[in-house]
Amino acid sequence: MAESLAGTAALVTGASSGIGQAVAEQLAQHGAAVAVVARRADRLEELVQRIEKNGGAAHAIAANLDAREGAFGAVAQAVGKLGRLDTVVNAAGVMLNGDSVKTPAPDWDRMVDINLRGVLHVTKAALPHLLEAVGTSSRKVTDVVNISSVAGRAAAPTVAVYNATKFGVTAATEAWRQEYTSRGIRFSVIEPGAVATELWNHESEEAAAGSAAMFDKVERLHAEDIADVLSYIVTGPRRVAINEVVIRPTDQTV
């Protein structure tokens, strides 16, 4: 049975759209006060208004997570506003795939900075607060859930740097799990296949054409499907740790 998250506080990155947005709404429905983080302040304000209209509590934090200062500042703002931190969801990411000769080097840097460094910096900043919350929470457990990808399990042509960032997220999550599981922090990684989000809009025209052909007959997952899985992870009793979840559309083979 799902436990209530009432009295807890969550931080969700990438909350202006897609998986992050769906996750923030579900966590609020479970009773958590949610700090929603992304670059697009207007989108965040719309999300906060929607959560509050449905009886939840939320706070918008506009931040660029491709810089360490942005990540640390977002965590500090969240704790300052909400008073604690029990759940962290790293959902921010970009997918700038394409031919490795043609793809601009700054696109590679951006994927590394947001997909990997952003996760590292947010988690680093959040750890002391999560450890403190373990001791003050009636649930005696806190959670970090990182959104990786099936691209963090198998490499593919034109996806080298995206692969590298997602392999890194999956590996870091497991290392953190081993480091902190005895101290009451559950680390989980979710590795989705194709999800119908704005992420696909980031690809080059050539890569987008390849993706469209690959997934032409695939009914893609919805962001809410990933949020359902994440809610199951973080609302479970302390004795249950869901370490890793791979979730693909039924029609997806790779």
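Since every read-out is calculated from the coordinates, none of them should be taken as a lab result. Here the structure is a predicted model, which means the values were calculated and not measured.
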With no solvent term and unit scatterers on the alpha-carbon positions of region 1-145, Debye gives log₁₀ I(q)/I(0) at q = 0.12, 0.13, 0.15, 0.16 Å⁻¹ of -0.47, -0.54, -0.70, -0.78
Just the Cα atoms of the chain, one point each, no solvent: what log10 I(q)/I(0) does Debye give at q = 0.09 Å⁻¹? -0.36
Let me know the number of lysine pairs in the chain closer than 26 Å at the Cα, not counting same-chain pairs under 8 apart. 7
From the phi angles alone, apply the Karplus equation (6.51, -1.76, 1.60; θ = phi - 60°) to region 128-138 and give each ³J(HN,Hα) in whole Hz, x where the residue is Gly or Pro. x, 6, 5, 4, 5, 5, 4, x, 10, 8, 5
Rotationally averaged projected area of region 1-68 (alpha carbon convex hull; nm²): 4.7
